[in-house]
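These notes concern the structure reproduced below.
Throughout, read-outs are computed from the coordinates displayed, never taken from laboratory work. Remember, predicted model here, so these are calculated numbers, not experimental data. Every residue, glycine among them, receives a Cβ derived from its backbone with ideal geometry; neighbour counts consider all protein chains shown.
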Amino acid sequence: MTDRRTVLLGLVATASLLSLPSFGQAPFPNKAIRIIVPQPSGSGPDVLARTLADILARNLNQSVVVENKPGANGALAASYVLSQPADGHTLFIAGVSNMSWNPHLY
């Protein structure tokens, strides 16, 4: 016959095992982060992306690369980002025209 103390000790042991970290995958930024900008170099969104990349690189201790893919009002860059794996390592700096107007224009 189990007493209350044994049951409580078993629950505490089980809870402590559940809180152990998972060793199945590496921490989040395990490769370079890419920021895709649909405008050419030197534009406003490009400067914003490069500033953001610098801050992210310092805080995450991971390299952050800014790629400019101008053309077709951002549709080329958007289709490129959609073709990348959905692992959170590819970001898209989008404006109003890329997100709201392009689906209705093209």
Could you check which residue among Ala57, Ala13, Ala32 shows the biggest mean-square fluctuation in a GNM of the chain with a 10 Å Cα cutoff? Ala13
For the chain, set up a Gaussian network in which alpha carbons nearer than 10 Å are linked by springs, and say which option among Val64, Val37, Val96 fluctuates the most. Val96
Between Ser63, Ala78, Gly95, whose Cα lies farthest towards the positive end of the dipole of the chain when Lys and Arg beta carbons carry +1 and Asp and Glu beta carbons carry -1, centred on the Cα centre? Ser63
Cβ-defined net charge surrounding Ser63, 15 Å radius [Lys, Arg +1; Asp, Glu -1]: +2
So which helices of the chain fit the span-like rule, where a helix is a whole DSSP H run, its Cα atoms reach 18 Å or more along the axis, and its mean Kyte-Doolittle is at least 0.5? 4-18
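Do the sum for the chain: with -39,500 (n - 2.57) for every DSSP H run of n ≥ 4, divided by all residues, what is the mean residue ellipticity at 222 nm, to the nearest 500 deg cm²/dmol?
Details: 4 runs with 45 residues, N = 106.
Mean residue ellipticity, 222 nm, calculated: -13000 deg cm²/dmol.
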So, in nm, how far is label Ser79 from label Val65 when the simple model puts each one 7 Å beyond its Cα toward the Cβ? 2.2 nm
Residue of Thr14, Thr90, Thr51 that the Gaussian network model of the chain assigns the largest fluctuation, springs spanning Cα pairs under 10 Å: Thr14
Charge dipole (debye, nearest 20) of the chain; +1 at Cβ of Lys and Arg, -1 at Cβ of Asp and Glu: 200 debye
Approximate spin-label separation Leu9-Leu52, in nm, with each point projected 7 Å along Cα-to-Cβ: 5.4 nm
May I ask you to evaluate 6.51 cos²θ - 1.76 cosθ + 1.60, the Karplus curve with θ = phi - 60°, for each residue of the range 86-91 and list the ³J(HN,Hα) values in order in whole Hz, giving x for glycine and proline? 8, 10, x, 9, 10, 10
